[in-house]
Amino acid sequence: MGLYKQYFRITQHALGIKRTENGRDGIPLQMLISQPISHGHLSVIIIGLFTLAMGIILSSIPWLDYIILKNLKLREGSLSFQYWQKPGVIRLTKVYIFNVTNPEGFLKQGEKPKLQEVGPFVYREDMEKVNIKFHDNGTVSYQHKKILKFVPELSVDRNHKITVPNIPLLTFSSQTNIWGSLIQKAISFIFRSETPFVNVTADELVFGYDDKFVMLAHKLYPKNKKPPPKMGLLITRNGTLPEVHNVYTGVTGMNEFGLLANLNGNSTLPYWKDPPCNQLNASEDIEFDLYTSADNMFESVDKYPDHKCYCPGNEYCPPKGLQNISPCQYDAPVYLSFPHYLDADPKLLEQVEGLTPQRENHQSYFKIQPKLGVPIEGKIRIQLNLRVEQSPFITAVKDFRSMIFPVMWLEEGIDDLTPPIRRWIYLATTFAEVGGPLITYGCIFFGSCLIVGAFVNAYKSVVFTKKTIEIGMKNLRRRSSLLIASSNRFISRRETYTLLDYQDIDADGDV
């Protein structure tokens, strides 16, 4: 280190660098700036400054959230649009039908109906959105196209005959109670060969079988209430659905993203007159938040008066656990509930045998990714029930007591996402939480290192140039020569003197 310091001082003298006021050696800043900078050094400094500035800017703005929201908004070409238009997830519809094992005992002997759950009958739902049209107000219109395909490996035999209520006959007979006994007796004579129960397969009950009442209604009902030509509980759900949905895309604000703006051009549901029954509150459907059905979803009017709009005037208001959807079912008295009357009025369970509600198997739920608001798993579980009013003047059904009769329940949903969607959610959430700060502070660190390295390199290039090294070497050689010459003079001067013997000197000091 001593030799290096000596060489460094010699180099300073060669460059004409003076000591600083505090006595320490240094290189003036103006000298560093005045030195010519190579293109390579200049490129490194520019890249370092740019990287450092980018890191500082990124650390002060939520840039990752901006990228995620940009792709989350529904617009042509966005990442979310691809998955929204054709999700590609495996969506299953599972149907469970209640087989009546004692139809004669129920009709003739006053027994409770004994129900045997048969299923599941599993259908894979291939779904895509068609007739898509974006609007300037930040919404998009479309129709659902659904194709249900039977999955035999997950199902029981769909050709197995099941005994279920004759829904068209019981619907018609219940509606005739307001017509008087004379008309009912005439109707009874016309339909004397009908029975209150029918034996059908699962496929027939789900996708349709021939029935004279349904065919007659199809011909006579007005267009807005015309039922399909066959009797099938899910017959209208296969193919392109007639409803035109209009939802918010998020372009004008994420607070309404995915919510329904209107249905068939109407901002309210046409089936009920008053809110909240006619309001459009629906939406399109790792870490997650769990959402279940609201506690007051099927609450009775007595405890939740807002539900009175489902049974206006003198209409029948059901007990807790039921909701009237007859306006959506061509005026057939169909009521929704949770499967097996989960959370319903206990009196409903007392009317039948064979139902055992279990929350883990019969509750609806959604698992929502909280940051993106994207459903990653969900199950909708709903039971269809028929409200029957006894018609004593119609012979075919006179023994069918007034009651809410369970027919079937179904489960719709997804168990898992496709790998591309799961990767996208992972990148937008788990990876972003680690990768975002890593990229931001990595830019700051890398840019700082480049700038510091460039100035250190420039400092060395000023001190240790070829010219300064040559001057320093010359000064070293010159000083070495001077040192050697001085040593030689000292040695030669010693050689000119001889020591005299004391005896050669007289008393006066002369030799």
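Only the coordinates and a few stated rules stand behind these numbers; no lab work does. Quick caveat: nothing in here was measured; it's all calculated off a predicted structure. Because the Cβ atoms are built from the backbone with ideal geometry, glycine has one as well, and the counts that use them run over all protein chains shown.
With labels modelled as points extended 7 Å from the Cα through the Cβ direction, what inter-label distance (nm, one decimal) is found for ASN314 paired with GLN175?
Between ASN314 and GLN175, the simple spin-label model gives 2.0 nm.
For each pair in LYS185/LYS219; LYS145/LYS308; LYS308/LYS367; LYS112/LYS398; LYS225/LYS273, compute the distance between the two Cα atoms and list the pairs where it is over 26 Å.
The pairs that break the limit, which is 26 Å between Cα atoms, are LYS145/LYS308; LYS308/LYS367.
Kirkwood Rh over alpha-carbon pairs of the stretch 89-417, then Stokes-Einstein at 4 °C and 1.567 mPa s: what D in µm² s⁻¹, rounded to an integer?
60 µm²/s
Quick one: which of 159-171, 353-365 comes out on top by average Cβ neighbours within 10 Å, and what's the full order, highest first?
By packing density, highest mean first, the sequence is 159-171, 353-365.
Find how much the distance from ASP203 to LYS133 grows on full extension, using 0.36 nm per residue of separation minus their present alpha carbon separation; answer in nm with one decimal.
Once the chain is fully extended between ASP203 and LYS133, it gains 21.7 nm.
Starting at 0 and stepping by 10 Å, how many percent of the alpha carbon pairs of the stretch 86-148 end up in each bin?
Over the stretch 86-148, the share of Cα pairs per 10 Å bin runs 18, 24, 20, 16, 14, 7, 1 percent.
Taking R0 as 30 Å, what's the FRET efficiency between LEU69 and VAL301 from their Cβ-Cβ distance, rounded to 0.05?
0.10
If the limit is 29 Å between Cα atoms, which of LYS94/LYS161; LYS73/LYS303; LYS146/LYS320; LYS230/LYS320 go over it?
The answer is LYS73/LYS303; LYS146/LYS320; LYS230/LYS320.
Could you give me the ³J(HN,Hα) list for the stretch 123-139, computed from phi with Karplus coefficients 6.51, -1.76, 1.60 and θ = phi - 60°, whole Hz, x at Gly and Pro?
10, 8, 9, 8, 10, 8, 9, 10, 6, 7, 9, 8, 10, 5, 8, x, 10
Nothing charged except the Cβ atoms of Lys and Arg (+1) and of Asp and Glu (-1): what's the magnitude of the dipole of the stretch 89-417 about its Cα centre? Round to the nearest 20 debye.
Taking the Cα centre of the stretch 89-417 as origin, the dipole is about 1120 debye.
Give me, ordered by chain and number, the residues 5 or more places off VAL198 or on other chains with an amide H under 5 Å from its own placed amide H.
VAL164, ASN166
Quick one: if you stick a label point 7 Å off each Cα along the C-beta vector at GLU111 and GLN390, how many nm between them?
1.9 nm
What is the distance in Å between the Cα centres of the stretch 191-237 and the stretch 138-160?
Their Cα centres are 20 Å away from one another.
Summing Lys, Arg as +1 and Asp, Glu as -1, what charge do residues with Cβ under 10 Å from the Cβ of PRO392 carry, PRO392 excluded?
Neighbour charge sum, excluding PRO392 itself: 0.
What ranking, highest mean first, results for peptides 336-345, 174-183 when packing means the other Cβ atoms within 10 Å averaged over each residue?
Taking the mean over residues of other Cβ atoms within 10 Å, the ranking is 336-345, 174-183.
List every residue whose amide H lies under 5 Å from the amide H of THR240, counting only residues 5 or more places away in sequence or on a different chain, with H placed 1.01 Å from N in the peptide plane.
Here the answer is LYS146, since their amide H atoms fall under 5 Å of that of THR240.
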